[in-house]
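A.B. asks: Pasting a structure here, questions to come.
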Amino acid sequence: METDEDQRVIPFQLQFDKPVASQIKIAEWNPEKDLLAMVTEDSKILLHRFNWQRLWTISPGRCITSLCWRPDGKAIAVGLEDGTVSLHDVENGKLLRSLKSHTVAVVCLNWEEDGHLIRDDNGNISTYEDRTSRFFPPAPRVPRMPGVVSGDTGFMDDNEDSFRELSNSSHQRFNILCSGDKDGSICFSIFGIFPIGKINIHKFCFPTPLVGTQATYRLLNASIYKVALSKDLCHLIVMCSGELIEDNDASRDRRTAGHGMHGLHSLMLNTSIFWKRKNELHQVAQQASNIEDLTEVIRASLSVMCKQWSDAMHTFHEKFDPLSTLIIDHGLDSSPQEEFLSLLGGARTSPPVHQFLVNSLGEVGAKRVSKVVCGAGKELQLIVLNHLQPAAEIIGFRMGELRGLSRWRARYQGVGLDETLINNATEKAGMLLVQVERFMRVLSSVVQQFSNFFNWLLKCIKLLMSEPSDQLLPYNSELAVIFLKFLYDQDPVRKLLELSEADCDIEIELETMQRVKELVHFGGFLDCEYLRRTLAKEFQQMESSFKEAFLMPFSTISEKILCENLLPLFSLPSSPASTSFPVPTSISYYEDSSHAMSSNQTSQNSFIDYISFQIPEESFPEIANCIGIARGFMNDLISLKKGYSSLEAVLLGVPDGYHCVDLSLYKESQIVLLLNETTSSEGSGDACMMIVQANDLPFVSISRSTSLDYWMLHQLKESVVYLQMENEKVRSIPHSVIAPLAVSTSRGVACVFAARKRALVYILEEDEDEVSDAE
């Protein structure tokens, strides 16, 4: 128990010391709320309040490899081992969206929003208004299978607004979710839901930083550790391991320099396209992501409708197929339709038909089958009216909005919005609406004829059983004949719905096809064959046209993301075992107080990047047990073109008797170090947490050579700053600790995890009023 005197001299106050059921491997604080998300070793996500009250626990069923929060704290992104990035609602942990952008494990995530309001070309504050709500009610949800209780499927509940809020990004600041995988690929998605670019660092060619030099290099076998997008979205810093080779035939098969270039590298990617075209990208992402959501509504609607109708037809054939067996057993060679038509024409009832109607089917069976088939037809009509048709109509409107944007070539051609592809996709959306209307006519006719057939059949059963039939509904003999000739053993509804029937052409009269072709001259569809296609086929073609149209912005933006700078930090052993445990690294951006932003400066000049990393002992034995901090890498290329280098670095020697477990950059250019005693065995001994003021350190300017085959740390080995426990803010921890170290820059708290399954929450701020009340 600490005394009051102790608390006055100890810089960090211990708020909680709680047990955890399982060891934690990832932990991240919510940027806006007092919430801590943790991932256990068995890949469960736990969400706790600051007072350690657990809100929910979810298990994706796959290994979780990374985690990050949306900037507003309302959603959390989870990277999985199979390459999926899933988004979950902060309120209840429910899945909002999944993106399969990678093929291997997603090892790092970073979600950054534009910190400045969007302005138009005249400098006025601009907000993008989604006009859809002016003309349409709220977008339809995915239909739920009848009889399924809420929560039994992956469909969203009717009272949940999180998914709609995720898709409705018009009120959000423009933001980008970056995800990196272990094979060197980095994906970008707007609002976390619309993929807008993908690059692979293996394909980049890195020039030397100095002007006038010709040598270029490539990275082989790169594995990403961390990515961090700058506050203005103009730069992305990547920390990765890999082998740097000179890009020419003589050196392609050998390592450059005498000590080998396999190690940890820092890359700077130019992502200024996000800043320059954020207005256009915001609007395209808003429309395209909603179109993709509505496409899923249509897909699910078709699936549910197909299942319901198939079940109904299965019930019908299950009851009526035995009639064929009875006819054969009585030695007749007629079909069930012929027997029914004979009965309808007034002929004497044949023995098999009499036996089937009176004994096999009966009045109760006929009513039950009629209820199943006609009920399914009505359910299909409701799904079309409440889900499929509204979704198709809103898609048509949103495609029209994109079509208008695509014609503004000066602004939208630069982000890949191709007018020809958008026109084609818009036409396909219109064709789907025509197909939906035709399906409704076919469905209505089929349901009517089934109902009429069963009305006649019930009257026949009553007459055969010599019972009164006055209370039965009337029937139409002509419709009954049509049903028996064309519908009894055929299923036009299934033909329009099932994807397995999508390649079947529908026969259309030549006169009708000629009229469709004539309509082209009056603004009709250019594709005159749409009437021959089924509803399922039309949906497939529409979806394919959407993918083609939205792939163009994806490809265009991907090509405009360039790697401008590379900084080799330190060497790593090339054995796979040495890279199985990632080196602790941290990247942050702080306001650069040394350069006041003038009125004509852009926002990217007001920030400076800090990169911190632990140096493995085997990398540089002469400077073992050190931590490196580099700053100014983001703008170094611009500085070099002006004749000076903005890149600075410093090495920090960890106090004797300790080694670094994890580190995290904190606000106001501070770095938090988590240190374990080196003399203690695993799981025992003490540890400490230390805060170092980074901008007070004696940074050394880093000169860039004419080649990249030189490790940055070689310039720092003579200027190591050795940290002293008595000179820094240090808090002793009565446990041996493990990674991760979770630090909240907005709340001023840190969560430390002990080796013996305990979580300790410390207040980093001297003024505790800055931390929200735990209760």
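A.B. asks: Could you run the Karplus curve 6.51 cos²θ - 1.76 cosθ + 1.60 with θ = phi - 60° over the range 227-233 and give me ³J(HN,Hα) per residue in whole Hz, x for Gly and Pro?
C.D. replies: My calculation for the range 227-233 gives 10, 8, 7, 5, 4, 9, 6 Hz in order.
A.B. asks: Applying the Karplus parametrisation 6.51 cos²θ - 1.76 cosθ + 1.60 with θ = phi - 60° to the phi angles of the range 62-74, what ³J(HN,Hα) value in whole Hz is obtained for each residue in order, glycine and proline being reported as x?
C.D. replies: 9, 5, 8, 10, 6, 7, 7, 9, 5, x, 8, x, 8
A.B. asks: If Lys and Arg each add +1 and Asp and Glu each add -1, what is the summed charge of the other residues whose beta carbon sits under 15 Å from the beta carbon of residue 550?
C.D. replies: It works out to a net charge of -4.
A.B. asks: Report the paramagnetic label zone for residue 386: residues of the range 446-466 whose backbone N is under 20 Å from a point 7 Å from Cα along the Cα-to-Cβ axis.
C.D. replies: Under 20 Å, as judged by backbone N against the label point of residue 386, lie 447 of the range 446-466.
A.B. asks: 5 Å is the cut-off here: which amide hydrogens, built 1.01 Å from N in the peptide plane, fall below it relative to residue 647, excluding neighbours closer than 5 in sequence?
C.D. replies: Amide H to amide H, under 5 Å and 5 or more residues apart or across chains, residue 647 pairs with 702.
A.B. asks: A follow-up question, please. Can you give the extra length, in nm with one decimal, that the chain gains between residue 419 and residue 486 once fully stretched, where that is 0.36 nm per residue apart less the Cα-Cα distance?
C.D. replies: Working it through step by step, the gained length comes to 19.7 nm.
A.B. asks: Between residue 303 and residue 374, what FRET efficiency comes out of the Förster formula 1/(1 + (r/R0)^6) with R0 = 25 Å and r the beta carbon distance, rounded to 0.05?
C.D. replies: The computed FRET efficiency comes out at 0.70.
A.B. asks: Just name one of 36, 88, 13: the one whose Cα is farthest towards the positive end of the charge dipole of the range 1-108 (beta-carbon charges, Lys/Arg +1, Asp/Glu -1).
C.D. replies: Of the listed residues, the answer is 88.
A.B. asks: Next up: Can you send over the carbon and sulfur percentage of the accessible area for the range 645-696, probe radius 1.4 Å, protein chains only?
C.D. replies: Ligands and nucleic acids excluded, carbon and sulfur reach 36 percent.
A.B. asks: Using 0.36 nm per residue of separation minus the Cα-Cα distance, give me the extension gain between residue 719 and residue 313 in nm, one decimal.
C.D. replies: 138.0 nm
A.B. asks: Step through the residues of the range 551-556 one at a time and calculate ³J(HN,Hα) from phi using the Karplus curve (6.51 cos²θ - 1.76 cosθ + 1.60, θ = phi - 60°), rounding each to whole Hz and writing x for Gly and Pro.
C.D. replies: These are the phi-based 3J(HN,Hα) values: 6, 5, x, 4, 5, 5 Hz.
A.B. asks: Right, next: Let me know the charge dipole size of the range 607-686 about its Cα centre in debye, to the nearest 20, where only the beta-carbon of Lys, Arg (+1) and Asp, Glu (-1) is charged.
C.D. replies: 620 debye
A.B. asks: By how many nm would the segment from residue 363 to residue 465 lengthen if fully extended, with 0.36 nm per residue of separation less the alpha-carbon distance?
C.D. replies: This chain segment gains 35.7 nm when fully extended.
The values are calculated or read from the model by the stated rules, or taken from the named source; none is laboratory data. As the structure is a prediction and not an experimental result, all values here were calculated from the model. Positions of Cβ are generated from backbone atoms using ideal geometry, with glycine treated the same way; all protein chains shown enter the neighbour counts. These area figures cover heavy atoms from the full protein model, side chains too; ligands, DNA and RNA do not enter into them. Shrake-Rupley method; radii C 1.70, N 1.55, O 1.52, S 1.80 Å.
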